[in-house]
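Following: one structure in structure tokens, then a few remarks.
The values are calculated or read from the model by the stated rules, or taken from the named source; none is laboratory data. If you're wondering where the values come from, they're calculated on a predicted model, not measured in any experiment. Positions of Cβ are generated from backbone atoms using ideal geometry, with glycine treated the same way; all protein chains shown enter the neighbour counts.
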Amino acid sequence: MSLRVARCRPAEPSIRRVPRKVTSASPFAEPTSPNPTVAKYAETTEKLHNYGSYLTQCLPKFIQQFSVLKDELTLYIPPSGVIPILTFLRDHSQCQFKSVMDISGADYPSRDKRFEIVYHLLSVKYAGRIRVKTYAGEADAVPSAVAVFRGADWYEREAWDLYGIFFKDHPDLRRILTDYGFEGHPLRKDFPLTGYTEVRYDEERKRVVYEPLQLTQAFRNFESLSPWEQVGEGTEPRKPDELKPVPPPQPEEPQKK
């Protein structure tokens, strides 16, 4: 008598299905906080505030105030503090800002000290940047930073050429971008958009000639907050009587045959 043995199949392990995570096609990580900018810079901003307070305590005579915007620290100093502040930031063990990346200017005609000079410094050791701002009037002299940073030479020449900011004790303060004999400083707000002269090549003289312009603009009405904002009441322009439009001529009557 043959016995048939029933083979029992092993029980299949239960598979737990994990919901598939749908990823974005964007290569950038999607923000999880309602305001990613605040969450991103919150820790950095606090550190920069502490660092700005530390610098102010070290040099209270020269640092008038400081500000932190996102991950940028800015020091505000008088012109007399340019050399002491830049030297301190370069040599102090907690600073080590050995490189000047740029020196820029800005013009605010409504201020008593209309020019703003901005120094952008870089610390390779601490991988950080800092901005130093000072101010000057048209007749004021700002101490040159060439003695502290040799690379400030051409930056200060650009500021002198484009804004007319005078740097005291600069070794070679002359124009660097505009032509020889150029009149005025082109990045000032009161500089005419058309300039004062026209430069062209004269075929008869076989050289470049300068001719005065007749359509010069005396002043630019510039709104820094919104350059597209309407200036004035927006009413229709009034025309003199002699500039009234001439009415169109009456149509001629057809001649009768």
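Cβ-Cβ under 6 Å, sequence separation 6+ or interchain: first residue in region 176-193 and without any contact (Cβ under 8 Å) to a residue 24 or more places away in the chain and farther than 10 Å from ASP161 by Cβ, partner of a type in the set (Phe, Trp, Tyr) and buried (at least 16 other Cβ atoms within 10 Å of the Cβ). Which pairs?
Partner pairs satisfying both residue conditions: GLY184/PHE191.
Residue-wise test of (1) closer than 30 Å to PHE166 by Cβ; (2) at pLDDT 95 or above; (3) of a type outside the set (S, T, N, Q); (4) in contact with a Ser or Thr (Cβ under 7 Å, 6 or more places away or on another chain).
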| residue | (1), (2), (3), (4) |
| --- | --- |
| GLU43 | no, no, yes, no |
| LYS47 | no, no, yes, no |
| ASN50 | no, no, no, no |
| SER67 | yes, no, no, yes |
| TYR76 | yes, yes, yes, no |
| ILE83 | yes, yes, yes, no |
| LEU86 | yes, yes, yes, no |
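Among the residues that make up region 190-200, is at least one of them within 20 Å of TYR119 (Cα to Cα) and aliphatic (A, V, I, L, M)? Steps first, answer last, please.
Looking only at region 190-200, we keep the residues that are within 20 Å of TYR119 (Cα to Cα), and these are none.
No, every residue in region 190-200 fails to be within 20 Å of TYR119 (Cα to Cα) and aliphatic (A, V, I, L, M).
Looking only at region 97-113, which residues are charged (D, E, K, R), at pLDDT 95 or above and part of a loop (DSSP other than H, G, I, E, B)?
LYS98
Any idea how many residues of region 114-149 are closer than 13 Å to PHE166 by Cα and surrounded by fewer than 17 Cβ atoms within 10 Å (Cβ to Cβ)?
Residues that pass the stated criteria total 5.
Can you tell me which residue within region 88-112, out of those that are crowded, with 17+ Cβ neighbours inside 10 Å and charged (D, E, K, R), is farthest from the chain's Cα centre (by Cα)?
Within region 88-112, the match that is farthest from the chain's Cα centre (by Cα) is ARG90.
Regarding ALA152, is this residue among the hydrophobic types (A, V, I, L, M, F, W, C) and exposed (fewer than 14 other Cβ atoms within 10 Å of the Cβ)?
Answer is no for this residue.
Given region 158-257, what strands (runs of 3 or more DSSP E) lie entirely inside it while holding 2 or more residues that are at pLDDT 70 or above, under 23 Å from ALA106 (Cα atoms) and not small (Gly, Ala, Ser)?
The qualifying strands (runs of 3 or more DSSP E) are 166-168.
Among residues belonging to region 77-87 that are of a type in the set (Val, Ile, Thr) and surrounded by fewer than 17 Cβ atoms within 10 Å (Cβ to Cβ), point out the one that is farthest from TRP154 (Cα to Cα).
Here the residue is THR87.
Restricting to region 116-131, give me the number of residues that are over 16 Å from GLY81 (Cβ atoms) and assigned to a strand (DSSP E or B). Walk me through how you get there before you give the answer.
First, pick out the residues of region 116-131 that are over 16 Å from GLY81 (Cβ atoms): 120, 122-129.
Those left that are additionally assigned to a strand (DSSP E or B): 120, 122-123, 128-129.
Of the residues in that region, 5 qualify.
Just checking, does region 132-145 include any residue being assigned to a strand (DSSP E or B) and among the acidic types (Asp, Glu)?
Within region 132-145, none of the residues are assigned to a strand (DSSP E or B) and among the acidic types (Asp, Glu).
Which condition breaks for THR56 when tested against (1) part of a loop (DSSP other than H, G, I, E, B); (2) more than 26 Å from ASP161 (Cα to Cα)?
So THR56 meets the others, but not (1).
Which residue pairs have Cβ atoms closer than 6 Å, lie 6 or more positions apart in sequence or on different chains, and pair a first residue in region 70-81 that is in contact (Cβ under 8 Å) with a residue 24 or more places away in the chain and closer than 20 Å to LEU122 by Cβ with a second residue that is assigned to a strand (DSSP E or B) and of a type in the set (S, T, N, Q)?
What qualifies is THR74/SER67; TYR76/GLN65; ILE77/THR134.
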